[in-house]
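So the structure is just underneath, and the comments pick up after that.
The values are calculated or read from the model by the stated rules, or taken from the named source; none is laboratory data. Keep in mind it's a predicted model, so treat the numbers as computed, not measured. Virtual Cβ from ideal backbone geometry, glycine too; neighbours counted across all protein chains shown. Each accessible area value is taken on the protein alone, full model and side chains, heavy atoms only, with ligands, DNA and RNA left out. Shrake-Rupley method; radii C 1.70, N 1.55, O 1.52, S 1.80 Å.
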Amino acid sequence: MLDKRYDPKKVEQGKYDFWKSKGYFTAGDKTKNPFSMVIPPPNVTGKLHLGHAWNTTVQDITARYKKLKGYDVLWLPGMDHAGIATQAKVEEKLRKEGISRYDLGREKFLEKAWEWKHEYAKNIHEQWAKMGLMLDYTRERFTLDENLSRAVRHVFKTLYDKGLIYRGERIINYDPELKTALSNIEVEYFDDPGKFYYFKYPIVGSKEYLTVATTRPETMFGDVAVFVNPNDKRYKHLIGQKAINPANEEELPIMADEYVDIEFGTGAMKCTPAHDPNDFALSEKYHLARPKCMDLDAKMSDICGKYKGMDRYECREALVKQIEKDGRLIKIEDIVHQVGHSERSHTVVEPMLLKQWFVKMRPLADQALEKSSVNFVPTRFNHTFRQWMENVDDWCISRQLWWGHRIPAYYNKQTGEILVSEEEITDPNYVQDEDVLDTWFSSALWPFATLGWPEETPDFKRYFPNSLLVTAYDIIFFWVSRMIFDSLEFTKESPFKDCLIHGLIRDSKGRKMSKSLGNGIDPIDVIDKYGVDALRYFLTTGSAPGQDIRYIDEKVAASSNYLNKIWNSVRYVLESLGESYKPVDYKFNELAPVEKHILIRLNETIKAVDGYMNKYEYSMASNYLYNFVYDDFCSNYLEMSKVTLQGENEEYKNIVRTILIEIVRSIILMIYPFAPFIAEELYQALPEHKESIMIETYPEAKKYQDDVSEVELLMKMIGELRNYKVTNKLAPNYALKLVVESENQPFDEFETYLKRFTFAKEIVFTSKHYDKGMKYAYGKMTLYIEDEISKEELEEKRARDIAFLESEIKRCEGMLNNPNFVARAPKEKVELEQKKLEEFKKRLSDLK
RNA sequence: GGAUGUUUAGCUCAGUUGGGAGAGCAUCGCCUUUACACGGCGGGGGUCAGGGGUUCGAGCCCCUUAACAUCCACCA
């Protein structure tokens, strides 16, 4: 017996462990077709947030739905070592203990990092369990597992041998706090307030000077030239001359290149090849030197004279003061400009000239553009992906960290020769590269490396390519695109068939959830308050694909109320079964119209829901189910069925009970992917059930058909009579006297239902023309309310109805008189409109 | 500068090849009716951002304007 109230805590109790222990999460049934997904591996840096909850719920809904549809579902779990993020956290923890990673050394530090990993992996497992995710833990992976590491080395070596990985000195984004290189996409640009400094650069052998403006005076020690535009009339005569660098009194050649924008600043630009990518390009073009004025701590280097060792910002201030003292400062302008910040440490990144490892992107990107068959949902994200691929730069993959996959490159101590090897080289003449690889280098192999690749394992053969990948749009560049090009390069196939993209979750005001704003919401708190099913339902319904959603507490509460509604309707059905209940075989054609009607609606609903589930349109699917549950089932049929259940016809009672069970069973199965815990609880309470809902099959739509328009008329009449009472300030149970004029006698129970729902004291059925009281014309039938109704009221109602019908008739006629419509529209649509027109015309003539 | 998205009821949002504008919350009225007061029944509230076009018919398709948001690329 179910409790009177739906209690999420009680319902959730024990179910996850039960499912897991039964092995329902484990894939491998070879008699079925495979459906495979890999989880986007969360970072082992902290606890999961609402974004993870959303992402994993979408996958879990898919997995549970597909399982019920008869697939062998593999949903592979795992976690990401998250190089920079984790190392930063571990270092922060050590700092609080007063130690740095250098105090510990590489090996000891890595031990600490592994400790951290184990601790946080435990948290993540607990959260996955709370969310109810049907993950196949027998296949769980971690990006630093030996088999994944082997895949990483294999990929590195193969790309290196093909010339697609190279080591070179280029301008990269450097994070001075974490002391590592970053890739371009790990840099976030913000509008920062800054200053634009205008300095005098005296011309050698002349009294003239050139005004050069810069936002970064501290890099002046690395200047090698001043550039102007060759077409700039102001400076034409200076090209080829020399200017004095006011920072260090060195002579700089004045050179010309089209790159310089005449309009911007003073039209004269200082060139610092080692600290600016554009200047670096100029230095390549003109073979200029590339002096570095900063070291790896972002402190000023040897070439900076008295500023050596100074912090970059302190140097800026001091240098400007010095130049001002020298009388060479013209002005300082306040500006707002875009400044790059490290995605992880949030410090201002420093473009630096460093020797790093790169993936040569052009050939890989072109291949991806040409051969990718990934089907993005919604499709517009395909453009996002393609656009990025078309403009991608080479990918800097080396990181000056310890936590990660060590670069499998070895250098000959004498010759400096590079040896790349998948196996460890123990030859004492060789020393391994100190750096590790970008985390995303290994994540990019996730869909196939987790299945055993590069070995042709049975899992790899069966579950690759994956059926689906689900992720938020913010990591299409970081992850999705890289999986696609690596997969095409190494497996010759796209990594997954479909890629379902969802949005980001925001707070109730639409702001991003962030630690600094303190507006983050812990999924666990939500679960404690409303239950995990309500959270899951909230996250995956009521929004459009690819859109962001806001967390709104009231909506989770509403979800919980909906589940409570289902709970209570099921409880009622179960309680109304009685001792003697036995399911019976019934023939649809022999049922009463009310039963036919609800079964037709049920099957329409199943068809719609199943269709949308299949397209990953969970919002639409849930919407159809919701309307069915509230309107068709709870408000209408459930109430109507009480007439039979409280009546004397024992035989038909059992048919109604059978149908009620069939309906709630279908509802439970359809709500199950969204809300598995309550669904399992309700399912177990059904008179006939398997060991678990997880091994059930999804309801199948039956093709029932019949004319049930009388049932619809009945409902319409009930609605109008209720409305009539409210607008006339009559009590809901006020007993009206009704007359129903009808050509044919409506179905047997028509009167009973009408009476029960409207408290009518008397209903007269007649086939003769009648005309008294308030009139509601439905074409087939006309309803009259015989009561103390004023003339004006009647006239008003009549005028309203006539106006409505006339406008509808006009609409129908407009359509039907259009040869294009009749010729092109679907036949059913045309017929439907003809039918409607006929009915409207009849009703209008009834009124007049 | 380029791209994408958003603009629909007081608020938050749905709206499936173009074919009678919806939900939740809020609000108002009635109802302690034996599944559910985490409820029932009913109501009010929208020129679907503005303009133009295609069409018999546009929230939906095309063009355009505006506001907001996001992403990419950026000038020292």
Simple spin-label estimate for residue A:582 and residue A:827 in nanometres, 7 Å along Cα-Cβ = 4.6
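Pairs of Cα atoms under 8 Å, at least six residues apart: use those to get the relative contact order of region A:536-691, whole percent. Don't skip to the end; give the middle numbers.
Values: 113 pairs, mean separation 50.9, N = 156.
So the answer I get is 33 percent.
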For a quick protection proxy, order the peptides A:504-515, A:166-177 by their average other-Cβ count within 10 Å, most packed first.
-> A:166-177, A:504-515
Read phi for every residue in region A:487-494 and hand back ³J(HN,Hα) as whole Hz from Karplus 6.51 cos²θ - 1.76 cosθ + 1.60, θ = phi - 60°, with x for Gly and Pro.
-> 5, 5, 5, 9, 10, 6, 9, 5
Calculate what fraction, in whole %, of the accessible area of chain A sits on carbon and sulfur atoms when a 1.4 Å probe is rolled over the protein chains.
-> 49
Per residue, how much accessible area does region A:39-162 have with a 1.4 Å probe, in Å²?
-> 38
Rounded to the nearest 0.05, what FRET efficiency is calculated for residue A:411 and residue A:198 with R0 set to 60 Å and r the Cβ-Cβ distance?
-> 0.85
Across region A:772-783, in residue order, what do the Karplus-derived ³J(HN,Hα) couplings come to in whole Hz, using 6.51 cos²θ - 1.76 cosθ + 1.60 with θ = phi - 60° and x for Gly and Pro?
-> 8, x, 5, 10, 10, 9, 10, x, 5, 9, 10, 10
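Could you give the accessible area per residue of region A:570-621, probe 1.4 Å, as a whole number in Å²? Each step should come with its number before you reach the end.
Values: 2480 Å² over 52 residues.
So region A:570-621 comes to 48 Å² accessible per residue, rounded to a whole number.
Suppose the chain between residue A:474 and residue A:373 were pulled fully straight at 0.36 nm per residue; how much longer would it get relative to their current alpha carbon spacing?
Values: separation 101, 0.36 × 101 = 36.36 nm, distance 2.07 nm.
The residue A:474-residue A:373 span can extend by a further 34.3 nm.
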Taking H as built 1.01 Å from N, whose amide H comes closer than 5 Å to the amide H of residue A:502, not counting residues under 5 places away?
-> A:471, A:472, A:473
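If each DSSP helix of 4+ residues adds -39,500 (n - 2.57) and the sum is divided by the residues in chain A, what number results at 222 nm, nearest 500 deg cm²/dmol? Kindly include the intermediate steps, with their values, before the conclusion.
On the way: 28 runs with 355 residues, N = 848.
Dividing the helical sum by the residues of chain A leaves -13000 deg cm²/dmol.
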What residues qualify as long-range amide H neighbours of residue A:35, i.e. H under 5 Å apart, gap of 5 or more or another chain, H built at 1.01 Å from N?
-> A:72, A:73, A:74
Take every Cα pair under 8 Å in chain A that's 6+ residues apart, average their separations, divide by the length, and report that relative contact order as a whole percent.
-> 12
Just how much of residue A:366 is accessible, in Å², when a 1.4 Å probe is used and the result is rounded to the nearest 10?
-> 70
Cross-link pairs A:371/A:615; A:725/A:848; A:797/A:842; A:157/A:492; A:112/A:299; A:242/A:270 - those with Cα-Cα distance over 20 Å = A:371/A:615; A:725/A:848; A:112/A:299
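What does the extension gain come out to for residue A:728 and residue A:259, with contour length at 0.36 nm per residue minus their alpha carbon separation? Can you show the working numbers first?
On the way: separation 469, 0.36 × 469 = 168.84 nm, distance 8.03 nm.
Net length gain for the segment: 160.8 nm.
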For residue A:519, enumerate residues with amide H under 5 Å from its amide H, sequence gap 5+ or separate chain, H modeled in the peptide plane.
-> A:514
Roughly what would the spin-label model give for residue A:118 and residue A:457, points 7 Å off Cα along C-beta, in nm?
-> 2.3
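Nearest 0.05, what FRET efficiency do residue A:547 and residue A:331 give at R0 = 60 Å with Cβ-Cβ as r?
0.80
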Beta bridge orientation in chain A: antiparallel %, DSSP, nearest 5 = 70
Can you figure out the FRET efficiency of residue A:684 with residue A:429, using R₀ = 51 Å and their beta-carbon distance, to the nearest 0.05?
-> 0.15
Where in region A:229-258 is the amide nitrogen less than 17 Å from a point lying 7 Å along the Cα-to-Cβ axis of residue A:322?
-> A:244-252
Which distance in nm do the two modelled labels at residue A:592 and residue A:146 give, with both placed 7 Å along the Cα-to-Cβ direction?
-> 7.1
The distance between the Cα centres of region A:551-599 and region A:28-62, in whole Å, is 31
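Leaving ligands, DNA and RNA out of it, rank A:752, A:62, A:415 by accessible area with a 1.4 Å probe, largest first. Please list the in-between numbers first.
Working: A:752 70, A:62 0, A:415 100 Å².
The ordering from most to least exposed comes out as A:415, A:752, A:62.
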Which sequence of A:680, A:422 reflects their accessible areas, 1.4 Å probe, from the largest down?
-> A:422, A:680
Integer Hz, Karplus 6.51/-1.76/1.60 couplings in order for region A:476-486, x for Gly and Pro = 4, 6, 4, 10, 4, 5, 6, 4, 5, 6, 5
With every protein chain present, what accessible area does residue A:73 have (1.4 Å probe, heavy atoms only), rounded to the nearest 10 Å²?
-> 10
Under 16 Å from residue A:703, Cα to Cα: aspartates and glutamates that are on another chain or at least 8 residues apart = A:590, A:595, A:604, A:610, A:662
Residue separation times 0.36 nm, minus the C-alpha to C-alpha distance between residue A:508 and residue A:239: what's the value?
-> 91.0 nm
Where does each of A:398-408, A:798-808 land if you order them by average Cβ count within 10 Å, highest first?
-> A:398-408, A:798-808
